[in-house]
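Accompanying notes for the structure given below.
Read-outs: derived from the displayed coordinates by stated rules, not from any lab. Predicted model only: the values in this text are computed from it and were never measured. When we count neighbours, we look across all protein chains shown, and the Cβ atoms used for this are built from the backbone with ideal geometry, even at glycine.
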There are 2 protein chains.
Amino acid sequence: MNDVTEDAAGPAAGLPRDRNATAARILKAASELLAENGFQNFGVNAVARRAGCDKQLIYRYFGGMDGLVDAIGVQLAGWVEERMPENGGSGFLLTYGDLVERLLLLFMEALRDDPLMKKIIVWEISENSPQVRRLSEARSKSLALWIDRVRGRMQPPKGVDPFALNALLIGAVQHIVLAGEAAKRFAGVELESAKDWDRIAQAVKRLVRGVYP
Amino acid sequence: MNDVTEDAAGPAAGLPRDRNATAARILKAASELLAENGFQNFGVNAVARRAGCDKQLIYRYFGGMDGLVDAIGVQLAGWVEERMPENGGSGFLLTYGDLVERLLLLFMEALRDDPLMKKIIVWEISENSPQVRRLSEARSKSLALWIDRVRGRMQPPKGVDPFALNALLIGAVQHIVLAGEAAKRFAGVELESAKDWDRIAQAVKRLVRGVYP
DNA sequence: TCCGTTTGTCACTGTATGGTGACATAAATC
DNA sequence: GATTTATGTCACCATACAGTGACAAACGGA
């Protein structure tokens, strides 16, 4: 375990002492732990064990778990930019409906491929501690900015409430992705194979086209 | 605390010994605890504390936490029947769209008013233990039966995938209710006052009418 | 009345957690 | 080279948890 060739090995294995490096190792360990196990059993001891260092360092370098979670949030600030193409995925976005459809499907795929983000969203709806609230604020701010940017001058149709509608649509996508992660099915619909998810994608399109024709 | 007039007081306070009564007290304590605090800190000690008895009785009468959770699931089996009117809320359900709209709005209200069910759904998407799986199966079975019953001979329109669409719609409602519970807002939309929820209800209608005209 | 069973309580083990103070050692500064 | 600081480790505290064996008291039947 504490071999010199071990990735996560700290100075105990003879490596040089480097605050930044170990702080980064702790942050990485925390992110991975959260992505794999969720927010349960997510604590100082587990993170320190995984990072291969003493938990004391978590208190010293991050001021405890709160600070560490904040650091994860900072890492996550660029989540949207990193995995959503700037132009909305491809050209030819003529209508508001085109835009929302493309965004939702992109978001669904990105979320499906990101265990950490899935776990964080579950955490968000599981409790309302200041910790997780700060975590979610960073993400939703960045998302809102990105949407504004990619929307350009496109305007939603009159006579509808695009904010409420989009909230429901995003909620639908998030919930079905999370449910699929946990149970491989939801409301009688299988959520496992690529085909299953294609079916969901088609339904999302239908839903969007129904309200933004 | 252990006064004779205390509701949850057990035989320590002089009450007669009664297995059924204390088992019921334990079950009640567990349900309340789950409804108030969620599945975190939900364990033998906490339940026994709240029920005012020794945790040993939980092992004896329920075989441990697993059995206790199963018992909660049994209690929950009739959830749908108990709070959803048999005829779909009122007459005049002419189309499949009428039906889905009414069902979704009823479901949303019922869910909003039921802390226990909210916590259980969060639990369902948080982990995939056999415990919580059995818990959710009971509920979804009863829901499916009820839907079949209330649907009667009404048929969904051709050319769409009602299962996938309904899964998304149910997911949307569940997610927005859960998010509202946790954070009082979601995707930039306030979720606090009756007016806020009315706005969401309108959007749900729009969404349904878009796919089931 | 006596005796076995049921119901409830207590005390204990082992394990995990969050958190802190004391210490050793490497690195940097003088 | 000597001293001060940064970095990392360790041992320990109080607390909480799940689970178990032993015991006390109430109950019920003979």
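What the table below lists for this structure:
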quantity	calculated
Dimensionless Rg/Rh of segment A:11-68 - Kirkwood Rh, Rg from C-alpha atoms	0.96
Difference of contour (0.36 nm per residue) and Cα-Cα distance, A:GLU127 to A:LYS28	33.3 nm
Selection from A:SER136, B:VAL208, B:GLY67, by position along the positive dipole direction of the protein assembly as shown (Cβ)	B:VAL208
B:ALA46/A:LEU145 FRET efficiency (R0 45 Å; Cβ-Cβ; nearest 0.05)	0.60
Least to most buried among B:VAL74, A:VAL69 (fewest other Cβ within 10 Å first)	B:VAL74, A:VAL69
Distances in nm from A:ASP148 to the matching label points in the other copies, shortest first (labels 7 Å along Cα to Cβ)	5.1
Residue order, fewest to most surrounding Cβ atoms within 10 angstrom, among B:PHE42, A:PHE186, A:PHE107	B:PHE42, A:PHE107, A:PHE186
Pairwise FRET efficiency - B:ARG134 versus B:ALA21, Cβ, R0 = 22 Å, nearest 0.05	0.30
Efficiency of FRET from Cβ geometry, A:PHE92 and A:LYS158, R₀ 35 Å, rounded to 0.05	0.90
7 Å along Cα→Cβ, label-point gaps from A:PRO130 to other copies, nm, shortest first	4.2
Label point 7 Å beyond Cα along the C-beta direction, distances from A:GLU81 to other copies (nm, shortest first)	5.7
Ellipsoid semi-axes in whole angstrom, largest first, where each is sqrt(5λ) of the Cα gyration tensor of chain B	38, 19, 16
Exposed trypsin sites (Lys or Arg not before Pro) absent - longest run of chain B, DSSP non-H/G/I/E/B, at most 14 other C-beta within 10 Å	B:18-152
Amide H within-cut-off set for A:ALA187, under 5 Å, with H built and near neighbours excluded	none
Taking A:SER193, B:SER136 and counting other C-beta atoms within 10 Å, the order from fewest to most	A:SER193, B:SER136
Helix runs (DSSP H) in chain B reaching 15 Å along axis by Cα, Kyte-Doolittle at least 0.5	B:65-76, B:96-112, B:115-126, B:162-183
Chain B: calculated mean residue ellipticity at 222 nm from DSSP helix runs of at least 4, using -39500 (n - 2.57)	-21500 deg cm²/dmol
Where rotation carries A onto B, the chain A residue whose Cβ is nearest that axis, in whole Å	A:GLY210, 1
Percentage relative contact order, chain B, counting C-alpha pairs under 8 Å, at least six apart	21
Shielding of A:181-191 by partner chains, average beta-carbon count, 10 Å	6
Ellipsoid equivalent to segment B:67-190 - semi-axes via the Cα gyration tensor, in Å	25, 19, 14
Global geometry of the protein assembly as shown, whether rounded, prolate or oblate, following the gyration tensor of its Cα atoms and the 1.5 cut on a/c	oblate
Length gained when the stretch A:LEU106-A:VAL74 is fully extended (0.36 nm per residue, less Cα-Cα span)	9.3 nm
